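Values quoted throughout were computed directly from the atomic coordinates according to the rules given, and no laboratory measurement underlies them. Remember, predicted model here, so these are calculated numbers, not experimental data. No Cβ is skipped: glycine too gets one built from the backbone with ideal geometry, and neighbour counts run over all protein chains shown.
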Amino acid sequence: MSIQSNGQAGIHAGIHAGIQTSDKPLGRDDLARLVARDITSGSFVNLGIGQPTLVSNYLEPEQNITLHTENGMLGMGPEATGGQIDGDLINAGKIPVTELPGASYFHHADSFAIMRGGHLDICVLGAFQVSATGDLANWHTGAPDAIPAVGGAMDLATGAKDVFVMMTLLTREGVSKLVETCTYPLTGVGCVTRIYTDKAVFLTGPDGVQVRETFGCTLEELQAMVPVPLTAASAAGT
Amino acid sequence: MLNFPETVNEAVAGIRDGSTVMIGGFGNAGQPFELIDALMDCGARDLTVVNNNAGQGDQGLAVLIKEGRVKKMICSFPRQSDSWHFDAKFRAGEIELELVPQGNLAERIRAAGAGIGGFFTPTGYGTMLAEGKETRILDGRGQVFETAIHADVALIKALTADGKGNLVYRKTARNFGPIMAAAAKHTIVQVSRIVPTGDLDPETIVTPGIYVNSIVKVA
């Protein structure tokens, strides 16, 4: 994979000797840029709250991506600033946004029918854990004093054609979030198709977990951090 | 019979203790603050409230919860950075919570308005929010049975109404308005303006007036 050199550190266009495509782990913005590049032109996409929202900063106009926000809009534009701010025009994170030409509004049941009916091409979500078979845990820590809040996470996880996860590979304590079996409460079963992390891009599916590329580590070094068997993805599988 | 009360207080005067009240809005967009304030003033209590959230800051639904008027919340996302009144009540065990995935919440409300008793959906299958619920494999996927959510009253906000009760909304403030209007036995709408019948283009009407009982104009 070659990545345009927009000044981002550490990404080499020309490392083809292995699947390591960067000599350093990727920062949040570099990872968002990579996800944006991987979104097929013409797709309808929902970006989750938090890190996935950064992806919108790197979508190119020629990709002709239409962003969906689950509170009832297709054709969402960038975050509103100054005089653009309108309390009636917000995204799922309740941040004021703008509308692009061709935008449409609809009620909540229609908006979730867009997800649940399998009409969205891709959603990008954050995660606490993802299992080797693509189970997703991203809504609840399960802590006894936590107030649970699920929002649209379960609908997105089960409804979009492809579910991409963006997360750091390791917790602050250095524990892998890619796990054999999720220990946090599940959001969806077998729903994740790709995992973008600071250290590698993983593909999940019936063939187990494949590694498309690594950042700042070799496949062997990556395997030492992750408790599930990894194989290198074939070029055709990317 | 459609009516046009002069004030929000008059509009909500019939809401009784123990009612199930749907309140429109996603966050503050589309939240009918004036109607909620009137519901506070009318004194109704032991309410079951259906809303996406459980109040933000110190206004609207948050105040209703703070004042102990809400017995139960049915919502998808109660916990927010400024949901302190709900958080306190929940931790004190003074409010019941039915947590519903957002799409199930919307579809269960829609189902009520469409005369559908329940439906199967993949959302939530295999998660703790499906525990105790009937499941089936349909179209090759595990699916969970969810039932309709009915309400005695809906309080919603629209931009414009006409003399027939037809409604037009504004941007993402539309959110739950149309489906709540259809799901409740009695729908009360606050609008910014009321135009003469015939002034709204029939092609652009979002909620037909058949779902609406009371319309009150707020400044």
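Selection over segment B:109-128 of residues that are more than 7 Å from chain A (Cβ to nearest Cβ) and assigned to a loop (DSSP other than H, G, I, E, B) gives a count of 4.
The residues of segment A:119-141 that are out of contact with any strand residue (DSSP E or B) (no Cβ under 8 Å at 6 or more places or on another chain) and either more than 10 Å from chain B (Cβ to nearest Cβ) or in a strand (DSSP E or B) (or both) amount to a single one, A:THR141. Among the residues of segment B:4-22, those that are away from chain A (no Cβ under 13 Å) and either within 17 Å of B:ASP46 (Cα to Cα) or of a type in the set (Lys, Arg) (or both) comprise B:VAL12, B:ALA13, B:GLY14, B:ILE15, B:ARG16, B:ASP17, B:GLY18, B:SER19, B:THR20, B:VAL21. Just a yes or no: is a residue in segment A:183-192 within 23 Å of A:ILE19 (Cβ to Cβ) and in contact with a strand residue (DSSP E or B) (Cβ under 7 Å, 6 or more places away or on another chain)? Within segment A:183-192, one or more residues are within 23 Å of A:ILE19 (Cβ to Cβ) and in contact with a strand residue (DSSP E or B) (Cβ under 7 Å, 6 or more places away or on another chain). Does A:ASN64 satisfy the criteria of being more than 8 Å from chain B (Cβ to nearest Cβ) and under 16 Å from B:SER76 (Cβ atoms)? Judged against the criteria, A:ASN64 is not a match.
Being surrounded by fewer than 21 Cβ atoms within 10 Å (Cβ to Cβ), of a type outside the set (Gly, Ala, Ser) and part of a loop (DSSP other than H, G, I, E, B) narrows it down to one residue among A:ASP86, A:ASP110; which is it?
Working: A:ASP110 fails: part of a loop (DSSP other than H, G, I, E, B).
Just one listed residue meets the conditions, A:ASP86.
Filtering segment B:201-216 to residues that are under 26 Å from B:ALA151 (Cβ atoms) and without any contact (Cβ under 8 Å) to a residue 60 or more places away in the chain leaves B:ILE205, B:VAL206, B:THR207, B:PRO208, B:ILE210.
The residue that is nearest to A:SER111 (Cα to Cα), counting only those in segment B:59-108 that are of a type in the set (Gly, Ala, Ser), out of contact with any His (no Cβ under 7 Å at 6 or more places or on another chain) and facing chain A (nearest Cβ under 9 Å), is B:GLY103.
Scan segment B:115-164 for residues that are of a type in the set (Phe, Trp, Tyr) and under 16 Å from A:GLY190 (Cβ atoms) and jot them down.
Hit for segment B:115-164 is B:TYR125, nothing else.
Residues that are assigned to a helix (DSSP H, G or I) and over 14 Å from the mean Cα position of the chain (by Cα) were ranked within segment A:58-82; the one that is farthest from A:ARG33 (Cα to Cα) is A:GLY82. Where strands (runs of 3 or more DSSP E) fall entirely within segment B:136-218, those with at least 2 residues that are within 11 Å of another protein chain (Cβ to nearest Cβ) and closer than 26 Å to A:MET76 by Cβ are at B:151-162. Within segment B:66-74, does at least one residue satisfy the condition of being out of contact with any helix residue (DSSP H, G or I) (no Cβ under 7 Å at 6 or more places or on another chain) and in contact (Cβ under 8 Å) with a residue 60 or more places away in the chain? Yes, segment B:66-74 contains a residue that is out of contact with any helix residue (DSSP H, G or I) (no Cβ under 7 Å at 6 or more places or on another chain) and in contact (Cβ under 8 Å) with a residue 60 or more places away in the chain.
Report yes if B:PHE77 is part of a helix (DSSP H, G or I) and touching a Leu at 6+ places or on another chain (Cβ under 9 Å), otherwise no. Give the steps one after another, and end with the answer.
On the way: part of a helix (DSSP H, G or I): no; touching a Leu at 6+ places or on another chain (Cβ under 9 Å): yes.
Considered against the rule, which asks whether it is part of a helix (DSSP H, G or I) and touching a Leu at 6+ places or on another chain (Cβ under 9 Å), B:PHE77 comes out as no.
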